[in-house]
Every structure is written in structure tokens, then in C-alpha cells.
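*Asks:* Have a look at this one before I ask anything.
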Amino acid sequence: SDPELAAELTNSLARVFSGPNEGLAEKPLFFARTAALIASGEEVSGTGSLTAQLVEAFLSRELKQKLLDRNEKQILTREQLWNLCADMAEEMWSQSTRELDKFTVKDDVNLGPSQKVIVTERMPSMAFLRRGDSEGSVAFEHEIFFDYFLARRFADRLGVKGVVTTMMLGRSAMPESLSDEIARSIVDIDRQ
């Protein structure tokens, strides 16, 4: 019945938005997305990073439902899609912007020509991306998603000493939210 489903959803949301994820309950986008995922039957736990859980659920959904060719086959692997988003975040960081022209993204994708067209055309409608303010551009839907992908890229590269890491981190002032996400990413990598 509807009251039972509503109570179950309320209990699930209270569990998910507790502990380290409590602050995300105040962000309407994250609250709405989490509620929609739970209502659709996705399992979202109250442990670990809610951002990571949302990203993983969205990556899976995009791969299985949106990024398909004419024959309904997946165009990208999970790793390719993840790298595409991380590459976008890194390029935005390098250019000191929060949106990229779709052609810049298209050039960075290692796919065949027809696959590139499908991916770049569908990117603005993906779960954590949106159309940018400039004509033909794409941006992350929320700064938290940008921070998430960029932090993981930084965390991966922090193990590689040298000029690349120094150049990446020296590009501009690092917001506190990004440095926090990098720290969480390093801890997550160490646990694996």
C-alpha cells in the first residue's frame, strides 16, 4: 500500500542520509536523485560515500539504458565511461572552467567515429552531466560530481611522483570540498 511504501522510503532515506552523508540531505539534487533511485528499487546503503554510490548507480544505468548503439549493445565499458568523466573533470581543471565544448570531449574519447557521435550527443542528458551555459558545451550537473571525478583522478596520480602531479595540483586554488574528496579517495584506494 502507499503508506507502507512511503514509510519504507522515508526510513531508507533517513538511513542513507546519516553519518558522513548527512550534509547531502540539504542538497535538493542529491536528495531527489537518491529518493528516485531507492523508489526504483536500487539498493543504496547508508555506509560509505553516498556520492560514490550515486555515481556507480548512474554509471550502470547510463551504460545499460542510454549509451547503446542501434543494435542495443553497450558503446562503452564502465571503465571507459568513468575515464571519460574523469578526463572531463581533469580538462576542466586544466582550463580553469566548469564546462567543455562537446568537440573537446569528442576528441578525448577513444572510440570509433559513430560511437563518438552517440556518446557526445547523449552526454548532456546523462545523470550527472548537463548542457553547459555556452552553446554546444557540457558540464557536470553539480560541483560535487566534478569534485568526485577530479579527486579520484588526483588520488590515482598521487601515487605517481613527478611533474604531472605537481602540474595538475598547481593549476589553481583547490576548494576545500575537492581536497576533502581527494582525501576520501586516497583512503578508498588504500582499502582496495
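*Asks:* Residue check, residue 97 against (1) hydroxyl-bearing (Ser, Thr, Tyr); (2) part of a helix (DSSP H, G or I); (3) open to solvent by less than 50 Å² (accessible area, probe 1.4 Å); (4) free of Cβ contacts under 8 Å to residues at least 12 places away in the same chain, all met but one. Which one?
*Replies:* Residue 97 satisfies every listed condition except (2).
Table: residues versus (1) aliphatic (A, V, I, L, M); (2) farther than 25 Å from residue 6 by Cα.
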| site | (1), (2) |
| --- | --- |
| 34 | no, no |
| 40 | no, no |
| 43 | no, no |
| 51 | no, no |
| 55 | yes, no |
| 59 | yes, yes |
| 63 | yes, yes |
| 68 | yes, yes |
| 72 | no, yes |
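*Asks:* Here is a follow-up. Specify the residue that is surrounded by the fewest Cβ atoms within 10 Å (Cβ to Cβ); the eligible residues are those in region 139-177 that are at pLDDT below 65 and among the basic types (Lys, Arg).
*Replies:* Among those residues, the one meeting the criterion is 161.
*Asks:* When residues of region 37-48 are filtered for being surrounded by fewer than 16 Cβ atoms within 10 Å (Cβ to Cβ) and either under 16 Å from the mean Cα position of the chain (by Cα) or in a helix (DSSP H, G or I) (or both), how many remain?
*Replies:* 2
*Asks:* Of all residues in region 95-118 being of a type outside the set (Val, Ile, Thr) and modelled with pLDDT of 85 or more, which is farthest from residue 154 (Cα to Cα)?
*Replies:* So the residue we want is 101.
*Asks:* Now for a separate question. Can you run down the residue pairs with Cβ atoms below 9 Å, 6 or more apart or on separate chains, where the first is in region 128-146 and acidic (Asp, Glu) and the partner is assigned to a loop (DSSP other than H, G, I, E, B) and at pLDDT below 90?
*Replies:* Qualifying pairs under 9 Å: 141/126; 141/127; 141/128; 143/175.
*Asks:* Take residue 180 and decide whether it is modelled with pLDDT of 70 or more, open to solvent by 60 Å² or more (accessible area, probe 1.4 Å) and in a helix (DSSP H, G or I).
*Replies:* Spelling it out, it is not the case that residue 180 is modelled with pLDDT of 70 or more, open to solvent by 60 Å² or more (accessible area, probe 1.4 Å) and in a helix (DSSP H, G or I).
*Asks:* Answer yes or no: is there a residue in region 80-93 that is over 20 Å from residue 148 (Cα atoms) and open to solvent by less than 60 Å² (accessible area, probe 1.4 Å).
*Replies:* no
*Asks:* To continue, here is another question. Answer yes or no as to whether residue 14 is surrounded by fewer than 16 Cβ atoms within 10 Å (Cβ to Cβ) and under 23 Å from residue 124 (Cβ atoms).
*Replies:* So residue 14 does not fit the description; no.
*Asks:* In the list 34, 51, 10, which residue meets the criterion of being of a type outside the set (D, E, K, R), in contact (Cβ under 8 Å) with a residue 24 or more places away in the chain and in a helix (DSSP H, G or I)?
*Replies:* Result: 51 is the single residue among 34, 51, 10 that is of a type outside the set (D, E, K, R), in contact (Cβ under 8 Å) with a residue 24 or more places away in the chain and in a helix (DSSP H, G or I).
The values are calculated or read from the model by the stated rules, or taken from the named source; none is laboratory data. Here the structure is a predicted model, which is why all the values come from computation and not from measurement. Note that we place each Cβ from the backbone using ideal geometry, even for glycine, and neighbour counts take in every protein chain shown. Just so you know, the surface numbers come from the protein's heavy atoms only, side chains and all, with ligands and any DNA or RNA stripped out. Shrake-Rupley method; radii C 1.70, N 1.55, O 1.52, S 1.80 Å.
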